[in-house]
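S.K.: Take a look at the following structure, please.
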Amino acid sequence: MSKQTFVVDNVRRDFPVLNQLVYGKPLAYLDNAATTQKPQIVIDALINFYQNDNANVHRGVHALSERADAAYEAARLKIKEFIGAKSTEEIIFTRGATEAINLVAYSFGEAFIHEGDEIIISAMEHHANIVPWQLLCKRKSATLIVTPINDKGELDLAVFKQQLSARTKLVCITQMSNTLGTINPAEEVIALSHLKNIPVLIDAAQSLPHLPIDVYTLDCDFLVASGHKIYGPTGIGFLYGKKKWLEAMPPYQSGGAMISQVSFETTDFTHLPYKFEAGTPAIADAIALGAALDYLNRYVRHDLVMHEQALLHYAEEKMRAINGLRIIGEARNKGSIISFVLDKVHPHDIATILDRAGVAIRAGHHCTMPLMRQFNVPATARASMSFYNTFSEIDQLIAALIEAKELFHDA
Ligand code: ALA
């Protein structure tokens with residue numbers, strides 16, 4: 001299919017929510033790492049499903065059920081193709097990246113983690129890629145090992161290499177930090193781990209919206225992502241897993257749809273991917289996630305990435321010129337996320353002042369409390385850009401930041 005030329009003003013018209021005033025100012029939505037806005041095609045997919053096709057999947061023979069089933073499975077196929085998986089059997093729908101990680105922690109953990117084993121994560125992980133492993137280690141008397149990062153927010157690969165051992169049974173690393181924007185060298189992490197036959201889970205919740213990913217080339221064993229961060233609905237996401245692992249793993253949740261035979265004595269489970277999809281799934285949301293991927297496929301991904309990178313560099317340069325502003329996370333390879341602190345102004349106050357200027361950012365620990373401790377800050381303010389953002393929105397952000405600074409410094 002031929003691709004459309006990327007023109008930011010045209011793209012913005014596809015996202016109705018962007019066209020509004022907040023406190024009388026044009027909305028500059030710069031909280032894309034928390035959740036992205038939805039193009040009309042995604043909103044239409046949700047409406048269309050409930051208006052015309054609503055039925056359960058894998059159960060009925062009536063027309064609506066067959067339509068729902070076909071659209072749900074078409075969405076799975078779109079994900080498979082979007083990430084370059086070999087088969088739709090390797091794509092499990094989940095509520096999001098968090099549930100996908102929990103699935104692996106429980107199921108892979110049940111089968112393959114034993115007393116004395118080690119699981120490696122990095123110091124920049126989101127709580128969703130820390131806590132499930134912590135709980136698993138507790139259940140199994142295993143040990144959680146943390147790979148450190150340097151002051152720029154880059155993974156220490158030399159230490160990582162030393163940490164890999166015969167005890168290591170799994171490596172779980174984010175491909176792009178939601179707080180620092182750091183893009184980790186996932187290929188190297190995976191290659192180093194595979195040299196010792198250690199499987200790797202990649203948290204792509206932040207990277208998938210910003211980087212073209214091909215799981216086949218990447219050769220990761222698992223990859224997780226959330227729909228709402230890639231222009232789809234909330235409450236839907238997926239786990240990619242190599243078939244050899246998914247087949248060897250026991251079910252995570254049990255109930256309807258994941259069985260082939262049930263008696264009161266015993267149950268046989270059905271095949272992939274349904275073995276891991278107990279109960280009625282988020283059907284409309286899965287279909288709308290497929291629509292979000294259709295939307296991205298209209299463009300050359302590289303063009304979207306280049307625009308986001310240009311916004312990132314423009315914003316960073318302007319921010320560096322503000323006295324007393326410190327950017328947290330200065331990795332050489334970064335996605336379009338900027339965490340920062342401003343002398344004498346609490347991040348929550350920054351976010352509140354910016355909000356009054358129509359600029360939406362996030363302030364807090366961003367579900368990365370250990371990272372806040374490393375950088376010795378209680379919280380940061382965070383601006384995160386998408387391809388639908390503009391340079392004038394960055395100017396709006398910078399003007400509001402200067403205003404915030406003056407307000408507090410003159411006080
Ligand atoms: N993980 C999301 C964020 O970084 C919620 O804001």
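S.K.: For a protection proxy built on the mean count of beta-carbon atoms within 10 angstrom, sort 357-363, 333-339 highest first, please.
M.R.: 333-339, 357-363
S.K.: Between R326 and A399, what is the FRET efficiency for a Förster distance of 22 Å, r being their Cβ-Cβ separation, to the nearest 0.05?
M.R.: Once rounded, the FRET efficiency stands at 0.70.
S.K.: I would also like to ask the following. Using the structure shown, select from K86/K275; K169/K229; K152/K318 the pairs with a Cα to Cα distance greater than 25 angstrom.
M.R.: From the list (K86/K275; K169/K229; K152/K318), the Cα-Cα distance tops 25 Å for K169/K229.
S.K.: Say we join alpha carbon atoms closer than 10 Å with springs in a Gaussian network model of the chain; which of T368, T380, T280 then has the biggest fluctuation?
M.R.: Its mean-square fluctuation being the largest, the pick is T280.
S.K.: Quick check: the distance between the Cα centres of the range 352-399 and the range 110-154, to the nearest angstrom?
M.R.: 27
S.K.: Please give the Cα centre distance for the range 269-295 versus the range 179-200, rounded to the nearest Å.
M.R.: Between the Cα centre of the range 269-295 and that of the range 179-200, the gap is 27 Å.
S.K.: For the chain, which whole-number percentage of the solvent-accessible area (1.4 Å probe, protein heavy atoms only) is attributable to carbon and sulfur atoms?
M.R.: Within the chain, the accessible surface is 52 percent carbon and sulfur.
S.K.: Still on this structure, please answer the following. On full extension of the chain, what length is gained from Q309 through H409, given 0.36 nm per residue of separation minus the C-alpha to C-alpha distance?
M.R.: 32.9 nm
S.K.: Within 10 Å, count the other beta carbons around each residue, average over each peptide in 93-101, 297-305, and list them highest first.
M.R.: Ranked from most to least packed, the peptides come out as 93-101, 297-305.
S.K.: Then there's this: Can you give the Rg to Rh ratio of the chain, both from alpha-carbon atoms, with Rh computed by the Kirkwood formula?
M.R.: Taking Rh as the inverse mean 1/r over Cα pairs, Rg/Rh reads 0.99.
S.K.: Would you mind counting up the charge near G153? Only other residues with Cβ under 15 Å from its Cβ, with Lys and Arg at +1 and Asp and Glu at -1.
M.R.: Taking every Cβ under 15 Å from that of G153, the sum is 0.
S.K.: In addition: Among the aspartates and glutamates, select those whose C-alpha is under 13 Å from the C-alpha of K161, and discard any that sit fewer than 8 residues away in the same chain.
M.R.: Within the straight-line limit of under 13 Å, K161 reaches these aspartates and glutamates: E188.
S.K.: In the neighborhood of I198, defined by Cβ-to-Cβ distances under 14 Å, what is the net charge if each Lys or Arg adds +1 and each Asp or Glu adds -1?
M.R.: In short, 0.
S.K.: Net charge around I398, counting only other residues with Cβ within less than 12 Å of its Cβ (Lys, Arg = +1; Asp, Glu = -1)?
M.R.: With Lys, Arg at +1 and Asp, Glu at -1, the neighbours total -2.
S.K.: Could I ask something else about it? Using a 1.4 Å probe, what is the accessible area per residue for the chain, in Å²?
M.R.: Heavy-atom SASA per residue in the chain reads 42 Å².
The values are calculated or read from the model by the stated rules, or taken from the named source; none is laboratory data. None of these values were measured; they are calculated from a predicted model. Quick reminder, even Gly has a Cβ in these numbers, built from the backbone with ideal geometry, and neighbours come from all protein chains shown. Side chains included, ligands, DNA and RNA excluded: accessible areas come from the protein's heavy atoms. Shrake-Rupley method; radii C 1.70, N 1.55, O 1.52, S 1.80 Å.
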